[in-house]
Each structure stands twice: as structure tokens, then as C-alpha cells.
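One structure is given below, encoded as C-alpha cells.
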Amino acid sequence: MPSRTPDEIRASIEENRRELGASIEKLRDEVTELTDWRSQLRRHQQPLMIGAAGTGFVLAGGIGASFSLVFGRKARKARRQADKSRWQADRTIGQARKLSRRAAKRAAKLTAG
């Protein structure tokens, strides 16, 4: 490797300083631009609004309400049907008891009389 003169070394160091200064200045500008939240907001306004609306929907219980609207009807209908079936069964049992009591009374009259 050829040896360099002190003047060449100084010139190289000075060139590296200028390049480093320019790189640092460019980096500073990029950091300033990236950390400027107002300009980021302006630049990405539509996706942020969509995200905010979605977040508000979720926080307001929109998912639960939607599922309730979609699946709640079926559950309510099934519950009503089960209640109706139970009511009919209770009614049938009640009628059977009533008939059984009547039959027991008639049997008692027949055996007594």
C-alpha cells in the first residue's frame, strides 16, 4: 500500500468531515420530518380516520351489538319455542292430573255406592 503524505491525509480527513456533516444534516432533517406528528397526521389522514372510526365502533360495543342483532333473534326464538313447549307440557300434565282426580272420584263413588 502506498504511503500517503500528511497533506493527503489531512485532505482526506477534511473530506470525511464534510461528508459526515452533510450526512448528519440529512439525518437531522429526516428525523425532524418523521417526528413531526402534525405532518404525519395530514399525510395519513384517511387511514387514521378509518382506524379511529373502527376503534370507536369496537369500544362502543358495536361488535357485541352486531352479534346480538344477528344471533340474538335465533336465541330469542329458540327460547320462546322452549317456553312454549314447557308451557304445553305443563298444561298436558295438569290436564292428566285433573283427569286422574276425576277418575279417582268416580271410582270412589262406584265402590261406595
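Over the chain, DSSP H runs of length four or greater, each weighted -39,500 (n - 2.57), average out per residue to a 222 nm ellipticity of -32500 deg cm²/dmol.
The stretch between residue 4 and residue 106 holds 23.5 nm of extra length on full extension. This uses 0.36 nm per residue minus the Cα-Cα distance. For residue 99 and residue 66, the difference between the fully extended length at 0.36 nm per residue and the C-alpha to C-alpha distance is 7.0 nm. Taking only the Cα atoms of the chain, the ratio Rg/Rh comes out at 1.81, with Rh defined as the Kirkwood radius.
Every number in this text was worked out from the coordinates using simple rules, so none of it is lab data. Remember, it's a predicted structure, so these values are computed and weren't measured experimentally.
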